[in-house]
Amino acid sequence: MKYVDEFRDGKLARTLATEIASAVDPAQSYRFMEFCGGHTHAISRYGLEDMLPTNVQMIHGPGCPVCVLPAGRIDMAIQLAERPEVTLCVYGDLMRVPGSQGASLMRAKARGADVRMVYSTLDAIAIAEQEPDREVVFFAIGFETTTPPTAVAIRLAARKKLGNFTVFCNHVLTPSAIQTILESPEIRDIGRVEIDGFIGPAHVSTVIGTQPYEFFAEEFGQPVVIAGFEPVDVMQAILMLVRQVNDGRHEIENQYIRAVTRGGNVRAKAEVADIFELRDQFEWRGLGPVPYSGLRLKAAYADYDAERRFAMTDITAPDNPACECGSILRGAKKPADCKLFGTVCTPETPMGSCMVSSEGACAAHWTYGRFRDLQRKQAS
Amino acid sequence: MARVMLDGVGKVVSVALIEDLKVGDFVVIHVGYALTKIDPEEAERTLAILRELGVAQPEAAS
């Protein structure tokens, strides 16, 4: 596939690895967080960590949409789906995300709730049109990439005067999460800077542009390199970060310049600004309540807000106490540090959200990384 | 709406979020929506930078 294969070229990635190896200062450590689950997946899938010098460490961030959704919001969605008049439309990843006490939308569906997987918000609109007697609710989750498609669907529903379509909105914002990680006490308590730079998201940045990250470079002195999702993209971004650290620079650089501009997608941003507004705070799995990090529908679109139509009340539910998803999402622990990992918690029976989506740190490590753990154990 | 090809698989996606799209353009697809166009010149420039570093082969794998 054009613009994909070129950036999956193994030879290119290996030569970049050589370049990184000769660029690093052996006395220095380089800890880079890839914020986005798409990068976590690419790093694991292509074994990029094995190509890096030992003093270059990748820390997985919280940018996996289903991972950061707290159990309480899943419980709320299950309650909604259990209403006899409701058809709940969800992205496939959400089906197995654990709510409290082993609940999931998949189990709710097995018990008879009308939960349907959709590929796109437009599929949910089509269901609402075809089944006017059903209350069709779209369970909206994700970062700046999935928010504009939800906005388009709400506008379409308003234009078509679809009285049986609403959205359960759980959209969250990338920059607020990055800020919370940078201010997290666990990261400060280490005594010195735990993170030496960020790989910025690919798809999110096509929408928001590079401009929102400028704050992190200025305020927190952190280098940020926006990177594409292919392995060569990630390797080039790591090289760019290494050079910034070596030079003592903290700038926003854009490796994914073929798709990302400074201003982002103006039309998509306008759609979102028209329909959504900031919540005072929103709870994230792993990060807790984060101020101004989530969106809700504006009053003008209240008719399409499931939380208002069904008078939904907030539920806060604890995660499985043995699950380390929280620390993993903050980058404080690695999947193999969790005693549930690979024992009771696998992608078949996830106990925590990080094991669900292919973008989750635990699922990526389970699929591609656990063999390396085994080799290391056998070698030692 | 527009028809896209993903490595031989055809799929109809929404192009409501982007402007000035022509048949033959390359786009980034996410949850059934085209999020942005891929700029062929910038893509080539990125590969050219790698080549200048002396790390890229003249022909990328296809």
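Key figures
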quantity: Rh by Kirkwood over Cα pairs, then Stokes-Einstein D for the range A:325-367 at 1.306 mPa s and 10 °C, µm²/s; calculated: 162 µm²/s
quantity: Charge dipole of the range A:101-241 about the Cα centre (unit charges at C-beta), most positive-ward option of A:171, A:210, A:117; calculated: A:117
quantity: Three-way shape call for the range A:247-359 based on the alpha-carbon gyration tensor, with the a/c threshold at 1.5; calculated: oblate
quantity: Charge dipole (debye, nearest 20) of the range B:2-52; +1 at Cβ of Lys and Arg, -1 at Cβ of Asp and Glu; calculated: 260 debye
quantity: Packing-based exposure ordering (other Cβ within 10 Å, fewest first) of A:292, A:213, B:33, A:3; calculated: A:292, A:3, B:33, A:213
quantity: Cα-based convex hull, chain B, per residue volume (Å³, whole number); calculated: 106 Å³
quantity: Cβ neighbours within 10 Å from other chains - mean over B:37-48; calculated: 5
quantity: Translational diffusion of the protein assembly as shown, µm² s⁻¹ [Kirkwood Rh, Cα pairs; Stokes-Einstein; 10 °C; 1.306 mPa s]; calculated: 71 µm²/s
quantity: Number of partner chain Cβ atoms within 10 Å, mean per residue of A:248-257; calculated: 2
quantity: Given charges at beta-carbon only (K, R positive; D, E negative), |dipole| of chain A in Debye; calculated: 600 debye
quantity: Cα Rg, Dmax, the range A:183-282, angstrom units; calculated: 15.1, 44
quantity: Cα pair distances in the range A:1-139, grouped into 10 Å bins until the bin that holds the longest one, percent each; calculated: 10, 28, 22, 17, 16, 6, 1
quantity: 10 Å Cβ neighbours from other chains, averaged over peptide B:11-22; calculated: 4
quantity: Leading residue at positive end of dipole, the protein assembly as shown (Cβ point charges), from B:34, A:286, A:97; calculated: A:97
quantity: Packing-based exposure ordering (other Cβ within 10 Å, fewest first) of A:159, A:262, A:370; calculated: A:159, A:262, A:370
quantity: On Cα atoms only, tilt of A:147-160 relative to the major axis of chain A in degrees; calculated: 20 degrees
quantity: Neighbour-count order for A:64, A:338, fewest beta carbons within 10 angstrom listed first; calculated: A:338, A:64
quantity: Alpha-carbon centroids, the range A:49-64 and the range B:1-26: separation in whole Å; calculated: 34 Å
quantity: Cross-link partners of residue A:333 among lysines (Cα-Cα below 29 Å; sequence separation of 8 or more within a chain); calculated: A:377
quantity: q = 0.13 Å⁻¹: log10 I(q)/I(0) that the Debye formula gives for the range A:104-250, counting C-alpha atoms only; calculated: -0.76
quantity: Evaluated over the range A:37-84, the Cα radius of gyration and Dmax, each in Å; calculated: 17.2, 56
quantity: Centre separation in Å (Cα based) which lies between the range A:259-279 and the range A:165-184; calculated: 15 Å
quantity: Options A:42, A:24, A:53, ranked by Cα towards positive dipole end of the range A:10-56, top entry (Cβ charges); calculated: A:42
quantity: For the range A:279-342: span of alpha carbons on each principal axis (Å, largest first); calculated: 47, 21, 16
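Only the coordinates and a few stated rules stand behind these numbers; no lab work does. Computed from a predicted structure; not experimentally measured. With ideal geometry, Cβ positions are generated from the backbone for all residues, glycine too; neighbour counts draw on all protein chains shown.
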